[in-house]
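The values are calculated or read from the model by the stated rules, or taken from the named source; none is laboratory data. From a predicted model like this one, the values you see are computed outputs, not experimental measurements. Here the Cβ positions follow ideal geometry from the backbone for every residue, glycine too, while neighbour counts run over all protein chains shown. These accessible areas exclude ligands, DNA and RNA; they are computed on the full protein's heavy atoms, side chains included. Shrake-Rupley method; radii C 1.70, N 1.55, O 1.52, S 1.80 Å.
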Amino acid sequence: MAFNPYQQPTQPMNGLPQFSPFFANNNNNPNPSNPMMMAGQQQQQYAQGQQQMDFGNGNQLFSTMMSQGQAFMANPATNLALQHGFSVAENYVGKNLSRFVTINKLKYYFAVNTSYVARKLRLVLFPFLNRDWSRKHGTDPSTNSISFLPPRDDVNAPDLYIPVMAFVTYVLLVGFWLGVQNKFTIELLGMTASSALVWYIFEVAAMSLSMYIMNINCPIQTMDLMAYCGYKYVGMIVTIISMFVLNSLGSSAVLLFCCLSLSFYLVKTLRLAMVDEGGAQDHGYKRRTYFILSIVAAQVLLSFYLTIY
Amino acid sequence: MAVSFWALLEALLLFFNAIAVLNEQRFLAKIGWSHQQQQSGYGVDSTTAKARVMLLIHDVRKYMRIPLILLNVCVISLKIVLG
């Protein structure tokens, strides 16, 4: 049978915490004269108690450490310390989390339902069929103010659900594709995930920084930018799926189509998101146009780069 | 090119170190990128791209000095220990 590290030892424990094999007195030897003999006796007893462990003479230290771990976890003082630590962490995190991450704002981006997801995916892949690109306004019931409607009610609203899901699906699909080609290792999965995440963070940070430097009058919010930069994973997923079916030329054509669709969608959406609402003259028009074009170029380049398998 | 997450953090730290190393009086004043030169002119003009970059450099140098010291100490000791 396989080694089961979670199995409790069958012999009874002492009341004292057993942190060292030299303290244990589980066997019937009341005179612990020889520590090495004690350790050996304890090993024999544990070996008898858990007959699944078939270690042999070379692994006595390992089995000693495992038995100590089980003794540590079964100790009531450990449970008390763990509970205390959890409560302290909960209080500290609960008080300070709202300073760094606004949960309500995050909840807005995850307020989706299935029909929204279906419509949005169709919108990102085939934006030519859409007519109305404006985001709807509505009354927010909690703060009683006019704000954008959540993605549930408005197909043009950005959300973070689709980018997160698409990112994970992309990583899994890349792993699957590499597996079909017999090039898969476990490290490649982690490296793909962290590499794509790094490029995503770098892209969002570069866009935010360039929005500040170029002094754009009506900048896109950071969370919205995260959402808009995450929609390219949908196109990448479709491309990788097409790699299974078509040859490299066909999948390049699919990638090109997805990039064109995404560019069309982003231009239409970002032009409305960055409209200059103050003043009759529109000074920053050129800068906004260049910025939108640079976002689109970054999406296209990264889509090509991350699907060159 | 597989980039790991630690590479990003290290690159970010090195980038901020590079900005913090630029000395205002000795270097930036010579090439006219100093914050004081900009301010002693016609007030703080923070609309052009150059002015914003100068403001960013000045702020990074001023506010990120202590966190950068701490971060550098952490990273250097980690690299000494872990290699």
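Calculated accessible area for region B:5-82 comes out at 73 Å² per residue, all protein chains present (probe 1.4 Å; ligands, DNA, RNA ignored).
Placing +1 on the Cβ of every Lys and Arg and -1 on the Cβ of every Asp and Glu, with nothing else charged, gives region B:5-82 a dipole about its Cα centre of roughly 140 debye. Straight-distance candidates among the lysines for linking to B:Lys30, with alpha-carbon spacing under 16 Å and chain neighbours fewer than 8 residues away dropped: B:Lys50.
Backbone phi angles across region A:185-191, fed through the Karplus curve with coefficients 6.51, -1.76 and 1.60 (θ = phi - 60°), yield HN-Hα couplings of 10, 5, 5, 5, 4, x, 5 Hz in residue order; Gly and Pro are listed as x. Estimated purely from DSSP H runs of n ≥ 4, each contributing -39500 (n - 2.57), the mean residue ellipticity at 222 nm for chain B is -21500 deg cm²/dmol once divided by its residues.
Measuring r between the beta carbons of A:Phe126 and B:Asp59 and using R0 = 45 Å, the FRET efficiency lands at 0.50.
Length available on full extension from A:Tyr285 to A:Met191: 0.36 nm per residue minus the Cα-Cα distance, which gives 29.8 nm.
Between chain B and chain A, roughly 1200 Å² of accessible surface gets buried, counting both sides and using a 1.4 Å probe. Charge dipole of region A:110-308 (Cα centre as origin; +1 on each Lys and Arg Cβ, -1 on each Asp and Glu Cβ, all else neutral): 400 debye, rounded to the nearest 20.
Legend: residues in region A:179-223 shielded by at least 40 square angstrom of accessible surface upon adding the remaining protein chains to the isolated chain (1.4 Å probe, heavy atoms) are A:Met191, A:Val198, A:Tyr212, A:Ile213, A:Asn215.
Overall, the accessible surface of region B:5-82 at a probe of 1.4 angstrom is composed of carbon and sulfur to the extent of 70 percent. Extending 7 Å from Cα along the Cβ direction at B:Leu71 and again at A:Leu82 yields two label points whose distance is 3.6 nm.
Just so you know, the averaged projected area of the alpha carbon convex hull for region B:5-82 sits at 6.4 nm².
When only alpha carbons are used to place a centre, region A:233-250 and region A:174-194 end up 16 Å from one another. Protein heavy-atom accessible surface, 1.4 Å probe, per residue over region A:110-308: 52 Å².
Label region A:110-308 by shape, choosing from rounded, prolate and oblate, from the square roots a ≥ b ≥ c of the eigenvalues of the Cα gyration tensor; if a/c is under 1.5 it is rounded, and otherwise prolate applies when a/b is larger than b/c, oblate when it is not. Here region A:110-308 falls in the prolate category. A 1.4 Å probe, protein heavy atoms only, puts the accessible area of A:Met274 near 0 Å².
Protein-only accessible surface at a 1.4 angstrom probe places the residues B:His58, A:His137 in the order A:His137, B:His58, largest first.
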